[in-house]
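Asks: Got a structure for you, questions after.
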Amino acid sequence: MIGIFDSGSGGLTVLKAIREEMPSSDVVYFGDIKNAPYGNKSREELSQHTINAISFLKDKGASSIVSACNSVSASLSLSLLDAFSFAPNTLIEMVGPTVSMFKGTNHTIALVATPATIRSEIYQNAFRMIGKEVTTIPIPALASAIENGEPSETLDAIVADAVPHISADEYSTLVLACTHYPLALSAFKKNIDPKIAIIDPALAVARRVKKQLWPMEVGDGKTHLYITQDSNTFRALVADLFPESAGAIEVIQ
Ligand code: DGL
């Protein structure tokens, strides 16, 4: 069974892509809504949340882990695999597959993410390894606004404030390096020059999941979702994206 986690609803965008690539896998999802947003937390806090999430998923029977949260990528380490006795290659996170998409290309990249992701410098370093400098733009209020189900005008205003200086003369591509942000795609489309390609890395991550976990994770296509606090936004998104799983949400304390 694949265990997927995020601070809340953002990881559903990754789950959606994984469902398309691996429809028969069994999935257990952990959304830590009580502790959301992750993107404004310290490295120490994020490490603790990461350990809690992985240990919860392992208890529920996960044999592999997908971190559908960019903000915790810097907390993921090989020693975690050892600590939880996961087999090598059974931990997949966002940064590697995202950066790999741009290897050998001439894209000029701006990247939006949470402050925690940008502060960790994990993307800046990973892009440097493939010979690219990226411009990073933190959007501190966006993930929580999405998680709280704020209206589209609020999301538009937050995005408009964050990205006015991205010009198509300088950048070919905007990478959405927070899994919540594709849920505000229309706000990005409204505020970005249409010549700039907006990239949601979920598909690249889902392909990596398939490459590493198929056929090991072939099952019956079951999905079970656990959240640490009830949320109408989460329930509405699940009903929209995975109507067959709307009854499979459990709130845990
Ligand atoms: N969706 C997560 C990410 O990709 C976390 C956002 C948040 O909780 O701030 O970073």
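What follows is calculated from the coordinates using simple rules that are stated; it is not laboratory data. Nothing here was measured: the structure is a model prediction, and the numbers come from that model. In this analysis, Cβ positions are derived from the backbone assuming ideal geometry, glycine residues included, and neighbour counts consider all displayed protein chains.
Asks: Given H placed 1.01 Å from N in the peptide plane, which residues other than close sequence neighbours of Ile4 have an amide H under 5 Å from its amide H?
Replies: Those lying under 5 Å, H to H, from Ile4 are Val28, Tyr29, Phe30, Val66.
Asks: In whole Hz and in residue order, list the ³J(HN,Hα) couplings for the stretch 73-78 that follow from phi through the Karplus curve 6.51 cos²θ - 1.76 cosθ + 1.60, θ = phi - 60°; x for Gly and Pro.
Replies: Computed from phi, the couplings for the stretch 73-78 are 4, 5, 8, 8, 9, 4 Hz.
Asks: To continue, here is another question. Residues with beta-carbon under 13 Å from that of Glu250, excluding Glu250: net charge, scoring Lys, Arg +1 and Asp, Glu -1?
Replies: Net of charged neighbours comes to +1.
Asks: Using R₀ = 25 Å, calculate the FRET efficiency as 1/(1 + (r/R₀)^6) where r is the Cβ-Cβ separation of Lys222 and Ala83; round to 0.05.
Replies: Efficiency for this residue pair is about 0.40.
Asks: Loop-only check: which trypsin sites (Lys or Arg not before Pro) in the stretch 137-241 are DSSP coil with at most 16 other Cβ within 10 angstrom?
Replies: Sites meeting the loop and neighbour criteria: Lys195, Lys222.
Asks: With only Lys, Arg, Asp and Glu charged, each at its Cβ (+1 for the first two, -1 for the last two), find how big the charge dipole of the stretch 8-115 is about the Cα centre; round to the nearest 20 debye.
Replies: About 160 debye.
Asks: Using the Karplus equation 6.51 cos²θ - 1.76 cosθ + 1.60 (θ = phi - 60°), what ³J(HN,Hα) coupling, rounded to whole Hz, does each residue of the stretch 87-104 give in order, writing x for Gly and Pro?
Replies: For the stretch 87-104, the Karplus-derived couplings read 5, x, 6, 9, 10, 10, 10, 7, 5, x, x, 5, 5, 4, 4, 9, 4, x Hz, x marking Gly and Pro.
Asks: If the viscosity is 0.692 mPa s and the temperature 37 °C, what translational diffusion coefficient in µm²/s does Stokes-Einstein give for the chain when Rh comes from Kirkwood over Cα pairs?
Replies: This corresponds to a translational diffusion coefficient of 181 µm²/s.
Asks: Under a straight-distance cross-link criterion of Cα-Cα below 17 Å, which lysines are reachable from Lys132, leaving out those fewer than 8 residues away in the same chain?
Replies: Leaving aside lysines fewer than 8 places away in the same chain, those within reach of Lys132 are Lys103.
Asks: Now for a different question. Where the centre of each part is set by its Cα atoms, how far does the stretch 63-85 sit from the stretch 137-198, in angstrom?
Replies: A separation of 27 Å, based on Cα centres.
Asks: Cross-link candidates for Lys58: which lysines have Cα within less than 19 Å, leaving aside residues fewer than 8 places away along the same chain?
Replies: Once the sequence-local lysines are set aside, what remains near Lys58 is Lys222.
Asks: Explain nothing, just the number: relative contact order of the stretch 42-146, from Cα pairs under 8 Å at least 6 residues apart, as a whole percent.
Replies: 26 percent
Asks: Something else: Which residues' amide hydrogens lie under 5 Å from the amide hydrogen of Lys222, considering only partners 5 or more residues apart or on another chain, with H built in the peptide plane?
Replies: Amide H to amide H, under 5 Å and 5 or more residues apart or across chains, Lys222 pairs with Asp26, Val27.
Asks: Let me ask something else. What does the extension gain come out to for Ile51 and Arg235, with contour length at 0.36 nm per residue minus their alpha carbon separation?
Replies: The span from Ile51 to Arg235 would gain 63.7 nm if fully extended.
Asks: Considering the chain as a Gaussian network with a 10 Å cut-off on Cα pairs, which listed residue, Ile18, Ile227, Ile130, attains the greatest mean-square fluctuation?
Replies: Sorting by GNM fluctuation, first place goes to Ile130.
Asks: Another question, if that's okay. Could you work out the helix-only [θ] at 222 nm for the chain, with each DSSP H run of four or more residues adding -39,500 (n - 2.57) and the total divided by the number of residues, to the nearest 500 deg cm²/dmol?
Replies: -11000 deg cm²/dmol
Asks: Report, in debye and to the nearest 20, how large the dipole of the stretch 189-253 comes out about its Cα centre when Lys and Arg carry +1 and Asp and Glu carry -1 on their Cβ.
Replies: Around 440 debye, computed over the stretch 189-253.
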